[in-house]
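For reference, the structure is listed below as structure tokens.
Derivation of every value follows stated rules applied to the coordinates shown; laboratory data play no part. These numbers come from a predicted model, not from an experiment. So basically every Cβ, Gly included, is an ideal-geometry build from the backbone, and we count neighbours across all protein chains shown.
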Amino acid sequence: MSTSHDTGRTRTHTTSAQTTGGLTISGLNKVLGGRSIIDDLNLTVHEGELVSLLGPSGCGKTTTLRMIAGFLAPDSGTITVAGRDVTHLGAERRPSAMVFQNYALWPHMTVFKNVAFPLKLRKLPKAEIVQRVENVLGLVNLLHHRDSRPGQISGGEQQRVALARALVQEPDLLLLDEPLSNLDAKLRVKVREDIREIQQRLGITTVIVTHDQDEAMSVSDRIAVMNAGKIEQYSTPEDLYEHPKTTFVATFIGTMNRIEGNYRDGVIERGDEVTGVRPEDVHFSMEQVAGGLPATVERVIPRGHFHELYLKRQDATLRAYVSGQVPAIGAEGYARIDRAMTFIDGVLQTSDAGGSASTPASPEPADSAPAEAEPAGSAPADAR
Amino acid sequence: MAATTEQIAPETAAVRLGSESIRRSDGRAGAVLGKVLIAIFVVFMVLFILGPLLWLAIHAFVTNWTFPNLWPDGWTMRWWTTVFSDPALGAAVQNSLVISPIVVLCSALICLPAAYAFARYDFFARRTFLVGLFATNAFPKMGLFATLASLFYALNLMNTVVGIVIVQIIGTVVFMTWIPAAAFAGVPRSLEEAARDAGASKIRVFFTISLRMALPGILVAAVMSFLASFDEAQGTYLVGAPQYFTMPTEMYTLVLNYPKQVAAVFSILLSIPSVVLMLAARKHIMGGQLAEGFQIR
């Protein structure tokens, strides 16, 4: 999974909270149809920071974004943008600009008119409108489509028009609702790089709603992982991956072997705890290694530049990644857990590096515990 | 003038039918038979739809043409001069051309906000109201007009233009509400939200986005309302006669008092606005930018 590798990009935001800029949400609540959609949500986004709201569908991330944009009034709580309380302002009076999931371009206007519309509403002089629109169209490489209609250009281009229409307003806060979900896989990677690049260049405070952890990991300064109307964890992508606070975060971000049982000295024993092991923390070799238990290769799945193995040990079946020489199905070898996370009632207790080479394997491993490997982004219900 | 549009549909249906029969037949004879069948079908449809119109058009120019004769007795423009020299006719044309646009305009002012509300808001008894609009079309109109007349007498609306306009609006309400409501509902909410996000007030959003994008539907509704108003005779006769005659009510008089050739001339005159409107609507709605408005990705 590419999530395990940092893109190597430098994160620019400063950790010191700036009181003037950015976005602050405190005590936000929303009940829709008798169901609590958002439950006491608090979030601070620093000026110039790019934050993703990440979660499965129905977790309330889009509702939160719509409340930030002003399309939905919260039942309680406050929303502050650039130091100004905007909770009771309508969408048209907020200093935020939104890029809609379906782009929401006006089909009866040309690309130029779409982008110029927000400036026309602000009654700017005509020359200034033309200049600003052309600047921003240049920024998203769409000057050649200036007089096209939205129906005549491709999905990726429409997306850039939508972005241009938001950027031309020079908003204090840029909101993107699933900006890449309507693009094909290849374009998605390119467009998300573009969005990140433009966001960095303009230093614009940005909130992105997404259900794609890959997308969130690769563009965000920080990610708020949402589940059932609450933020489960709010941290940097690296920290979320290394130290997921809950099993939900651990399974939603990246891939994890989720095994019901207690982790003791490199072995999983029968117990009430839940043990989480990242596939890359499972070491497999054909020769005996210190701390390794005998394991049989059950499945081999090619993943491109690496292979995913299903390894059956006495205590659990573990997924592991190997590159280079790939063992055959049925091969006997040794698997060692280098690092495991222990969760009690879904909450992270320790991130134990025990069971590594320094600790010998338990002489009497417990009976095979039921193992369950969950892919990333699986349904939240079974992750909870 | 529904004939022109209806005519296209059976023809394409015939073509489709024909191509199917061609596919099924496995010889050249079958193909020929298919083509012959199509030809017969098309000729029949054309005769069925255009025949009466042709009969009407011929009658407007003949001196006399009665049943056993295969050919008219003679040709004349007399009926046209009769119609055009009748002073009542000019007044009727004028009344029709003034009253119908007023009816469409009033109907739009009353019904379009209602249509928007039906499309966008969920209020008490919304469905009941929406279906209730059909009530005016559900019963024989004459009964409705008779009761309306007694009310109009009390309100001094009999033999007034206002009375005629009110009576004609009744027949347009369903068109002016249902079709634009569907058109408004077809405007994606996100397009309106995007405009608000860009800084437009609710009223501005309505006029620049909602109304603009629903325009094709509204135009269709306007055309249908215009034709409904233009053709309305029962209520108009009851309320307007003998003070005000519109073209359809004038036609009653003509049919009763003149030979049928005059009625033929008048029918042709009566159909002109319909044909013109249909052609204009077809040009502006079917092709061009308005249709594009509905292609949302």
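See the values below:
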quantity	calculated
Selection from A:Gly55, A:Gln200, A:Gly254 lying farthest towards where the dipole of chain A points positive, charges on Cβ	A:Gln200
Phi to ³J(HN,Hα) by Karplus 6.51 cos²θ - 1.76 cosθ + 1.60 over segment A:276-282, Hz, x for Gly, Pro	x, 10, 6, x, 6, 8, 9
Taking all pairs of distinct alpha-carbon atoms in chain A, Kirkwood radius in angstrom	22.8 Å
Estimated [θ] at 222 nm from DSSP helical runs (n ≥ 4, -39500 (n - 2.57)) normalised by residues in chain A, nearest 500	-6500 deg cm²/dmol
Listed pairs A:Lys190/A:Lys245; A:Lys61/A:Lys230; A:Lys123/B:Lys202 exceeding 20 Å between Cα atoms	A:Lys190/A:Lys245
Residue mean of other protein chain beta carbons inside 10 Å, A:97-105	5
Karplus-derived 3J(HN,Hα), 6.51/-1.76/1.60, for each residue of segment B:245-255, Hz, glycine and proline x	10, 9, 4, x, 6, 4, 4, 3, 4, 4, 4
Vicinal HN-Hα couplings computed from phi for segment B:126-131 (Karplus, 6.51 cos²θ - 1.76 cosθ + 1.60; Hz; Gly/Pro x)	4, 5, 4, 5, 4, 6
Of all DSSP beta bridges in the protein assembly as shown, antiparallel share, percent nearest 5	75 percent
Positive-end residue of A:Val274, A:Ser235, A:Ile301, charge dipole of chain A with Cβ unit charges	A:Ser235
Hydrodynamic radius (Kirkwood) for the protein assembly as shown, which is based on Cα pairs only, to one decimal in Å	31.6 Å
Shape call, chain B: gyration tensor on alpha carbons, a/c limit 1.5	oblate
Which of B:Phe184, B:Phe123 has the fewest Cβ neighbours within 10 Å, and the rest in rising order	B:Phe123, B:Phe184
Dipole moment magnitude, nearest 20 debye, the protein assembly as shown about Cα centre, only Lys, Arg, Asp, Glu C-beta charged	2840 debye
Ratio Rg/Rh, restricted to segment A:60-150 and using Cα atoms, in which Rh is the Kirkwood radius	1.04
Nearest 10 degrees, 0 to 90: helix A:185-202 Cα axis against chain A principal axis	60 degrees
Of all DSSP beta bridges in chain A, antiparallel share, percent nearest 5	75 percent
Listed residue (B:Val42, B:Val104, B:Thr172) projecting farthest to the positive dipole end of chain B, Cβ model	B:Val42
Dipole magnitude of chain B about its Cα centre (Cβ charges: Lys, Arg +1; Asp, Glu -1), debye to nearest 20	720 debye
Antiparallel bridge percentage (DSSP; both residues within segment A:11-128; nearest 5)	100 percent
Debye, to nearest 20: dipole size of chain A, +1 on Lys, Arg Cβ, -1 on Asp, Glu Cβ	2040 debye
Cα-based radius of gyration of segment A:41-196 once divided by 2.2 N^0.38 Å, which approximates compact folds	1.06
